[in-house]
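Report on the following structure.
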Amino acid sequence: MFEYAPAPESRSVVDIAPSYGLFIDGEFVPPASSGGVFKTVNPATEEVLAEVSTAGPEDVDRAVAAARRAAGTWSALPGAERAKFLFRIARIIQERSRELAVLESLDNGKPIRESRDVDLPLAAAHFFYYAGWADKLRHAGFGDDPRPLGVAAQVIPWNFPMLMLAWKIAPALATGNTVVLKPAETTPLSALFFADVCRQADLPAGVVNIVTGAGETGRTLVEHPGVDKVAFTGSTEVGRQIARSIAGTRKRLTLELGGKAANIVFDDAPIDQAVEGIVNGIFFNQGHVCCAGSRLLIQESVYDEVIEALKRRMATLRVGDPLDKNTDIGAINSAEQLERIRTLSDIGAEEGAERWSPPCELPAQGFWFAPTIFTGVTQAHRIAREEIFGPVLSVLTFRTPAEAIEKANNTPYGLSAGIWTEKGSQILAVADKLRAGVVWANTFNKFDPTSPFGGYKESGYGREGGRHGLEAYLA
Ligand code: NAD
């Protein structure tokens with residue numbers, strides 16, 4: 001394989017402050033307790049990027065109070081006026097997208113090609129899309145006078161920090177709610193940058209508040225009695241805890257949790273195209289994707305052909321510097337996540353599955369994992385049942401469509417699935433029987449703000465995106 005010359009994006013396009021306060025009531029403020037700071041690192045180099053504040057109960061209290069004070073005037077604004085703020089935010093995200101893309105790649109480890117071409121354009125698109133709804137809520141199918149819920153507590157994960165923020169904040173604001181958002185502890189920087197975007201857009205103080213910290217800050221926020229709505233994206237385990245903690249309160253809840261999607265390749269599929277979809281399904285964003293196609297189901301008659309083509313394609317993937325525009329696979333987000341991927345992969349090998357990775361040199365510093373496939377996987381294997389959340393694919397086989405459907409549905413999750421076949425009738429028949437919130441046909445990992453996204457079973461409940469996404473924020 002020929003080599004590409006390095007094509008690094010410039011790190012200097014974004015200014016990162018040495019330390020950050022909390023964004024409450026339109027201002028950056030220090031946390032009430034001065035001991036509450038933590039460091040956020042670049043996972044590709046382990047370099048400390050900034051010190052970030054831990055919000056304690058007093059800070060969360062202040063943020064919720066600010067959101068409450070702002071709620072009256074914000075919800076009383078005509079929808080068309082709220083829309084102007086959302087449009088303005090969308091435009092500023094576009095204008096500052098180069099800075100934001102670099103910041104996201106530095107803090108998260110994802111390739112700049114993905115933050116630049118996927119995360120940032122989609123984040124802006126969400127604000128544009130929900131700006132369009134703000135003055136049309138009466139026509140959205142939720143009654144003549146849909147009302148906001150009040151103050152929304154929003155907790156997001158580290159895999160798409162800016163995009164998950166947009167999924168949460170855009171519909172909440174369009175419907176007249178105010179928010180307190182907590183980004184993940186390993187990727188707080190784009191949310192803090194967004195706080196500055198809100199100021200630049202002259203968003204009224206208190207409409208958006210950003211509190212940083214780890215799980216304890218998240219727990220304090222969702223359990224705060226002043227909150228009317230909780231929107232959580234993250235692991236099923238934490239989602240369960242949150243559901244338990246707010247059961248019996250008047251709070252409304254939406255949960256976007258884990259997944260273990262089946263990507264099903266039938267024998268009439270265009271193989272080269274399917275292989276691109278398999279690679280995109282599991283290696284996009286280092287496999288840190290809730291809807292990743294992490295279980296590949298191949299029809300037996302084309303098994304050898306698909307595996308051979310897949311291995312050939314995997315050997316061309318470039319793993320390395322996230323800021324290099326040629327990079328396909330960046331760094332694993334944290335040492336903890338790397339440990340989890342290693343542990344589950346070792347268990348896969350111990351349980352008898354056959355492990356394969358292309359030859360690839362991993363950088364000495366930082367958190368890295370080579371793209372990996374396991375063949376000979378059975379449904380009993382842990383790597384076929386548990387979410388690995390890394391660049392690791394478990395391959396299974398099937399003979400008939402009925403067997404593919406049964407295997408695909410044999411999971412506690414139900415977030416997404418993929419089908420590869422030339423027959424439209426096969427697509428419709430199979431998609432109809434898959435218990436998954438999103439089913440892609442002859443493509444994978446495609447997102448659009450107009451399309452609802454969400455799961456069944458242990459993947460959570462409620463929908464984000466599209467007209468459906470408004471419902472979660474309306475009384
Ligand atoms: P996580 O559940 O550990 O953390 C998610 C967020 O919750 C973080 O901000 C964390 O600080 C916070 N948190 C932790 N404990 C908490 C508690 N007790 N109360 C309130 N907040 C708490 O998940 P993660 O490791 O950051 O993210 C990976 C998981 O997220 C995967 O399982 C993935 O599938 C899922 N995910 C789902 C979607 C979706 O739309 N369904 C999207 C992205 C990620």
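Laid out as a table, the results:
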{"read-out": "Which listed residue, of G366, G352, is without any contact (Cβ under 8 Å) to a residue 40 or more places away in the chain, more than 18 Å from F2 (Cβ to Cβ) and part of a loop (DSSP other than H, G, I, E, B)", "value": "G352"}
{"read-out": "Pair list, Cβ < 7 Å and 6+ apart or interchain, from the range 246-265 residues that are open to solvent by less than 10 Å² (accessible area, probe 1.4 Å) and away from the ligand (no atom under 15 Å from the Cβ) to residues that are part of a loop (DSSP other than H, G, I, E, B) and at pLDDT 95 or above", "value": "N263/G293; N263/F444"}
{"read-out": "The range 72-89, residues that are surrounded by fewer than 18 Cβ atoms within 10 Å (Cβ to Cβ) and among the charged types (D, E, K, R)", "value": "E81, K84"}
{"read-out": "Where G455 falls short, out of the listed (1) within 27 Å of F142 (Cβ to Cβ); (2) within 15 Å of the chain's Cα centre (by Cα); (3) in contact (Cβ under 8 Å) with a residue 24 or more places away in the chain; (4) open to solvent by 10 Å² or more (accessible area, probe 1.4 Å)", "value": "(4)"}
{"read-out": "For N326: the one exception among (1) part of a loop (DSSP other than H, G, I, E, B); (2) touching a strand residue (DSSP E or B) at 6+ places or on another chain (Cβ under 9 Å)", "value": "(2)"}
{"read-out": "Selection count, the range 147-172, where residues are more than 11 Å from the ligand (Cβ to nearest atom) and touching a Gly at 6+ places or on another chain (Cβ under 8 Å)", "value": "4"}
{"read-out": "Residue among N442, N410 that alone is on the phi > 0 side of the Ramachandran plot and open to solvent by 40 Å² or more (accessible area, probe 1.4 Å)", "value": "N442"}
{"read-out": "Where F128 falls short, out of the listed (1) without any contact (Cβ under 8 Å) to a residue 60 or more places away in the chain; (2) within 19 Å of L77 (Cβ to Cβ); (3) not in a loop (DSSP other than H, G, I, E, B)", "value": "(1)"}
{"read-out": "Given (1) within 16 Å of the ligand (Cβ to nearest atom); (2) surrounded by 23 or more Cβ atoms within 10 Å (Cβ to Cβ); (3) of a type in the set (G, A, S), number of the condition A335 does not satisfy", "value": "(2)"}
{"read-out": "Candidates F367, F389 - the one that is touching an Asp or Glu at 6+ places or on another chain (Cβ under 9 Å), of a type outside the set (V, I, T) and crowded, with 23+ Cβ neighbours inside 10 Å", "value": "F367"}
{"read-out": "Inter-residue pairs, beta-carbon under 7 Å, first assigned to a helix (DSSP H, G or I) and in the range 211-233, second among the polar types (S, T, N, Q) and more than 9 Å from the ligand (Cβ to nearest atom), 6+ apart", "value": "T217/T54"}
{"read-out": "Matching entry among G248, G218 (being farther than 18 Å from Y473 by Cα, touching a Lys or Arg at 6+ places or on another chain (Cβ under 8 Å) and either modelled with pLDDT of 95 or more or not aromatic (F, W, Y) (or both))", "value": "G218"}
{"read-out": "Single residue of the range 458-475 satisfying the filter (open to solvent by 50 Å² or more (accessible area, probe 1.4 Å) and in contact with a Lys or Arg (Cβ under 9 Å, 6 or more places away or on another chain)) that is farthest from the ligand (Cβ to nearest atom)", "value": "A475"}
{"read-out": "Evaluation of T236 against (1) in contact with a helix residue (DSSP H, G or I) (Cβ under 6 Å, 6 or more places away or on another chain); (2) open to solvent by 10 Å² or more (accessible area, probe 1.4 Å); (3) over 30 Å from L338 (Cβ atoms) (one fails), failing number", "value": "(3)"}
{"read-out": "Helices (runs of 4 or more DSSP H) wholly inside the range 379-475 that include at least 2 residues being farther than 30 Å from A172 by Cα", "value": "382-385, 401-409, 424-433"}
{"read-out": "Residue list for the range 173-210, filter: away from the ligand (no atom under 11 Å from the Cβ) and in a loop (DSSP other than H, G, I, E, B)", "value": "T175, G176, N177, A201, D202, L203, P204, A205, G206, V207"}
{"read-out": "Any chance A140 is at negative phi, more than 13 Å from the ligand (Cβ to nearest atom) and crowded, with 20+ Cβ neighbours inside 10 Å", "value": "no"}
{"read-out": "Given (1) in a helix (DSSP H, G or I); (2) polar (S, T, N, Q); (3) more than 26 Å from I419 (Cα to Cα), number of the condition S345 does not satisfy", "value": "(3)"}
{"read-out": "Residues of the range 40-71 that turn out to be farther than 19 Å from L189 by Cα and either within 24 Å of the chain's Cα centre (by Cα) or open to solvent by 50 Å² or more (accessible area, probe 1.4 Å) (or both), as a count", "value": "6"}
{"read-out": "Residue in the range 1-34 that is nearest to D202 (Cα to Cα), counting only those that are among the polar types (S, T, N, Q) and surrounded by fewer than 14 Cβ atoms within 10 Å (Cβ to Cβ)", "value": "S19"}
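The rows are residues; the columns are (1) within 30 Å of E237 (Cβ to Cβ); (2) within 19 Å of the chain's Cα centre (by Cα); (3) among the small types (G, A, S); (4) open to solvent by less than 10 Å² (accessible area, probe 1.4 Å).
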{"position": "P146", "(1), (2), (3), (4)": "no, no, no, no"}
{"position": "A153", "(1), (2), (3), (4)": "yes, yes, yes, yes"}
{"position": "P157", "(1), (2), (3), (4)": "yes, yes, no, no"}
{"position": "M164", "(1), (2), (3), (4)": "yes, yes, no, no"}
{"position": "P171", "(1), (2), (3), (4)": "yes, yes, no, yes"}
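The values are calculated or read from the model by the stated rules, or taken from the named source; none is laboratory data. All values derive from a computational prediction rather than experimental measurement. Backbone-built Cβ (ideal geometry, glycine too); neighbour counts: all protein chains shown. Accessible surface areas use protein heavy atoms only, side chains included; no ligands, DNA or RNA. Shrake-Rupley method; radii C 1.70, N 1.55, O 1.52, S 1.80 Å.
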